[in-house]
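This report refers to the structure that appears directly beneath it.
Quick note: the coordinates plus some simple rules give every number you see, no bench work behind them. Computed from a predicted model, the values in this text were never measured in an experiment. For neighbour counting, all protein chains shown are included, and Cβ atoms are generated from backbone atoms with ideal geometry for every residue, glycine included.
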Amino acid sequence: MLEGAENQQKTIQFGEHITIDGYGGDPGLLNNKEKVSFVLSDLPKKLGMKTLSVPMVVSAPDNGIKDPGGWSGVVIIAESHISVHTFPKRRFASADVYSCRNGLDVKKIVAYFTKTFKLFDVETHFIRRGTRYPAENLL
């Protein structure tokens with residue numbers, strides 16, 4: 001390999017990451033383990049993604065500081081992962097959809113979480129991940 005050739009290598013974007021913070025949600029839905037588990041099994045199907053694990057949802061206890069407890073869940077997908085954290089006493093939910101697939105439908109994903117947890121207000125961020133990901137194998 002020529003000196004400096006690694007700096008001339010063709011790159012591509014690895015994937016996309018959507019963060020969703022929802023406010024004013026329905027406490028009953030946010031405090032429902034089955035609802036969180038359903039989201040983690042249903043959303044990958046709606047996005048045409050392949051799950052590699054069953055959803056794992058655990059009770060997250062009150063930490064006595066700012067986290068009043070709720071449910072935390074994750075599902076591993078072939079394309080990366082989806083996670084959900086709920087805080088029923090604060091009527092708040094936080095979710096991540098991270099995928100190596102580009103072209104995610106952000107509006108569809110945000111609408112899904114908004115409807116599912118009856119969120120009043122939603123804050124989202126869209127992050128391009130791995131913008132210098134090598135287009136070809138290095139070895």
Taking the mean number of other Cβ atoms within 10 Å as a proxy for protection, how do you rank 73-84, 49-60 from highest to lowest? 73-84, 49-60
Go ahead and set up a Gaussian network model of the chain, Cα springs under 10 Å, then flag whichever of F113, F92, F38 fluctuates most. F38
Nearest-20 debye value, the chain charge dipole, Cβ charges on Lys, Arg, Asp, Glu: 420
Under a point-charge model restricted to the Cβ atoms of Lys and Arg (+1) and Asp and Glu (-1), what is the dipole moment magnitude of region 12-68 relative to its Cα centre, in debye to the nearest 20? 240
T11-K50 FRET efficiency (beta carbon distance; Förster radius 30 Å; 0.05 resolution): 0.75
Hey, if you drop one equal point scatterer on each alpha-carbon of the chain and run the Debye formula without solvent, what base-10 log of I(q)/I(0) do you get at q = 0.08, 0.15 Å⁻¹? -0.27, -0.74
